[in-house]
Amino acid sequence: MSSKGIVKRSEDFSKWYNELVLKADLAEHSDVRGCMIIKPYGYAIWEKIKDQLDIMFKETGHQNAYFPLLIPKSYLSKEAAHVEGFAKECAVVTHYRLKNSEDGTGVIVDPEAKLEEELIIRPTSETIIWNTYKKWIQSYRDLPILVNQWANVVRWEMRTRLFLRTSEFLWQEGHTAHATKIEAVEETEKMLEVYAQFVQEFMAVPVIKGVKSENERFAGAEETYCIEALMQDGKALQAGTSHFLGQNFAKAFDVTFADKEGNKNHVWATSWGVSTRLMGALVMTHSDDKGLVLPPKLAPIQVVIVPIYKNEDQLLEISEYANSLIKELKSLNISVKFDNDDNKKPGWKFAEYEMKGVPLRIAIGPRDMENQTVELARRDNLSKSTVSQLDLPNLLLETLNLIQNDLFTRSSLFLKENTYSANSIDQMIEILDAKGGFIEAFWNGDSKSEHKIKELTKATIRCIPLNENQTGNCILTGEPNSKKVIFARAY
RNA sequence: CGGGGUGUAGCGUAGCCCGGUUAUCGCGCCUCGUUUGGGACGAGGAGGUCGCAAGUUCGAAUCUUGCCACCCCGACCA
């Protein structure tokens, strides 16, 4: 690899992703296995994601709260399926103190300081939250509880990738409590809709909404709703999940409420989350061989201005114009950076901002100043044009909107073009081996068939699409009246 | 956690098989000057526990063992 650029997607998609994340300054590996350092530029994108989602959660009536990182080990085991799902990947705190080692070479765990009850670092917070909700809920008047928390969680993963799967990751987890099943199901579906809207409208990533098969369901859920996205290499990525938890956690933690008639009932629950994995989806959906491509709505810098000059006077003149332009752009809520760093040449800056995915670049040189123009370059399609300085701010605003739309149009087309239907296992394997993608096929609903298909094709059922009533013959068994599902090889 | 690979300056690397002066080169970094419309050029300079630990040896980047990290492929997963 040269110190410039990154490997091509067509050569090694996985390597391309890794290099891009590092070179675009999004994140790097920490010294602790499986953990990542999210760098300021990467974190700025995450903050944009977070801020927008937070607005949307609040618009739908939710409030933020914070529950502890450490959870008593015993809580996890209260819900059988839940402990089954998470026990194998929990970090455990066993001691609360260190002391100097006797040979003076460092510190050791103080064996005297063993915890009576070991604590686990949350892999998710259902247990501690439901243990708390028990205290919060007595009557139907206490319901619904609509709470979200922004937090970090730890799942001890065997194989990690920056953003896509790390041992510690950032996410939000919504946890709601309801008096009726209908209301809880509605909440689950509502939040799935919020996710779908956010991902499509802000990330410009098209998704398929559906529910998971039993195998793929969240540990402890009655039903897991999800949005599934398709990456450029033809692999699927689960972008968000929303779970209808039924009364499982209410029963496990004995959370009941008195209804209007005074009858005691168990509370109905939901939980839903998206994580820093969305960053991975963002990268793998839009970016190209020159680096990151960001949708304007999530770009920390939407417009970069690069001056081109031969002497101080020219720079001064360009700066003067640039500063007045910046003022106008700020009033239009466009984030802009004027890069007048004299140590870097324009060509270097061009490449750098392309790597970082800045949607629009303006280059201004003496020639432009003379003609009252600027050179405008779009990151998404790499087009360049010379445009008038007159009414430039509005043009930029329009172009940013255009880019946002074009990205979504393009990724939607990709999704459409890479969604196939298959009538036989052989055909499915053939398609998957050739180009990946989503495969629509019929499935008899049996877990055993699902496992068998996975064994044969390495593809899993990504989801059973919502509002899909079509039936046909099962791709494995040929059974009639099987339901239509989406298969793919997945991250 | 299994199989394979890699680890040498901030980054990328040569040297390792076959042990022997002061560890190679490029990029980046610092200073000065010239430059600036697609990753500039010259001169000078700084920068190294050769992943970590132990062992073999007169002598280890090089050989042996263990450990760690990362990458690829499996199993598991958001």
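Of all the listed residues (A:I49, A:I45, A:I71), the sole one being within 28 Å of A:K190 (Cβ to Cβ) and part of a strand (DSSP E or B) is A:I71.
When every residue of the stretch A:119-138 is checked against the conditions, none turns out to be part of a strand (DSSP E or B), closer than 28 Å to A:E223 by Cβ and in the same structural domain as A:E186 (by TED's automatic domain parsing). Considering (1) closer than 17 Å to A:I120 by Cα; (2) in a loop (DSSP other than H, G, I, E, B); (3) within 16 Å of RNA strand B (Cβ to nearest atom), the lone condition that A:K78 does not fulfil carries the number (3). The residues of the stretch A:382-393 include none that are within 11 Å of RNA strand B (Cβ to nearest atom) and part of a helix (DSSP H, G or I).
Scanning the stretch A:467-485 for residues that are under 23 Å from A:G234 (Cβ atoms) and of a type outside the set (D, E) gives A:I475, A:L476, A:K484, A:V485. Listed by first and then second residue, the pairs linking a residue in the stretch A:394-418 that is closer than 30 Å to A:K327 by Cα to a residue that is of a type in the set (S, T, N, Q) and assigned to a helix (DSSP H, G or I), with Cβ atoms under 7 Å apart and 6 or more places separating them unless they lie on different chains, are A:F408/A:Q200.
Consider A:S335 carefully, then state whether it is within 28 Å of the chain's Cα centre (by Cα) and hydroxyl-bearing (S, T, Y). Taking the combined requirement at face value, the residue satisfies it. Within the stretch A:420-471, the set of residues being surrounded by 15 or more Cβ atoms within 10 Å (Cβ to Cβ) and among the aliphatic types (A, V, I, L, M) comprises A:A422, A:I425, A:M428, A:I429, A:I431, A:L432, A:I439, A:A441, A:I453, A:A459, A:I461, A:I464. Considering A:G85, A:G106, which residue is at positive phi and not basic (K, R)? Testing whether each residue is at positive phi and not basic (K, R) leaves just A:G106. The residue of the stretch A:301-341 that is farthest from RNA strand B (Cβ to nearest atom), among those that are charged (D, E, K, R) and out of contact with any strand residue (DSSP E or B) (no Cβ under 8 Å at 6 or more places or on another chain), is A:K327. Which pairs have Cβ atoms under 6 Å, sit 6 or more apart or on different chains, and link a residue in the stretch A:449-472 that is farther than 14 Å from A:A422 by Cβ to one that is part of a helix (DSSP H, G or I) and polar (S, T, N, Q)? Final answer for the pair search is A:E450/A:N215.
It is to be established whether one or more residues within the stretch A:3-13 are within 15 Å of the chain's Cα centre (by Cα) and of a type outside the set (A, V, I, L, M). No; the residues of the stretch A:3-13 include none that is within 15 Å of the chain's Cα centre (by Cα) and of a type outside the set (A, V, I, L, M). Only one of the numbered conditions (1) in the same structural domain as A:D313 (by TED's automatic domain parsing); (2) on the phi < 0 side of the Ramachandran plot is violated by A:S411, and that is (1). Evaluate the following for A:R378: is it modelled with pLDDT of 95 or more, within 14 Å of RNA strand B (Cβ to nearest atom), surrounded by fewer than 19 Cβ atoms within 10 Å (Cβ to Cβ) and at negative phi? The answer is yes for A:R378. Would it be correct to say that A:N444 is modelled with pLDDT under 95, away from RNA strand B (no atom under 16 Å from the Cβ) and on the phi < 0 side of the Ramachandran plot? The answer is yes for A:N444. Residues that are under 18 Å from A:I326 (Cα atoms), in a helix (DSSP H, G or I) and hydrophobic (A, V, I, L, M, F, W, C) within the stretch A:350-381 comprise just one, A:M369. Within the stretch A:354-381, residues that are basic (K, R) have Cβ atoms under 7 Å from residues that are near RNA strand B (Cβ under 6 Å from one of its atoms) and in a strand (DSSP E or B) in these pairs: A:R361/A:A377, counting only partners at least 6 apart in sequence or on another chain. Within the stretch A:5-42, the residues that satisfy the criterion of being near RNA strand B (Cβ under 9 Å from one of its atoms) and assigned to a loop (DSSP other than H, G, I, E, B) are A:G5, A:I6, A:D12, A:S30, A:D31, A:V32, A:R33, A:G34, A:C35.
Okay, residues lined up against (1) over 34 Å from the mean Cα position of the chain (by Cα); (2) not polar (S, T, N, Q):
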site: A:E102; (1), (2): yes, yes
site: A:L115; (1), (2): yes, yes
site: A:E126; (1), (2): no, yes
site: A:I129; (1), (2): no, yes
site: A:Q138; (1), (2): yes, no
site: A:L143; (1), (2): no, yes
site: A:V154; (1), (2): no, yes
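All of (1) assigned by TED's automatic domain parsing to the domain that holds A:Y195; (2) part of a helix (DSSP H, G or I); (3) more than 18 Å from A:A151 (Cβ to Cβ) hold for A:G85 with one exception: (1). Residue check: is A:R141 out of contact with any Asp or Glu (no Cβ under 6 Å at 6 or more places or on another chain) and under 30 Å from A:E261 (Cβ atoms)? When the stated conditions are applied, A:R141 passes them. Give the residues of the stretch A:122-148 that are surrounded by fewer than 18 Cβ atoms within 10 Å (Cβ to Cβ) and under 20 Å from A:P72 (Cβ atoms), sorted by residue number. Those that are surrounded by fewer than 18 Cβ atoms within 10 Å (Cβ to Cβ) and under 20 Å from A:P72 (Cβ atoms): A:K134, A:K135, A:W136.
Within the stretch A:423-444, the set of residues being small (G, A, S) and without any contact (Cβ under 8 Å) to a residue 60 or more places away in the chain comprises A:S424, A:A434, A:A441. Among strands (runs of 3 or more DSSP E) entirely within the stretch A:203-274, having at least 3 residues that are within 13 Å of RNA strand B (Cβ to nearest atom) and buried (at least 21 other Cβ atoms within 10 Å of the Cβ) singles out A:223-230, A:236-246.
The values are calculated or read from the model by the stated rules, or taken from the named source; none is laboratory data. On a predicted model such as this, the values are computed, not experimentally measured, just so you know. All Cβ positions, even for glycine, are placed from backbone atoms using ideal geometry, and neighbour counts span all protein chains on display.
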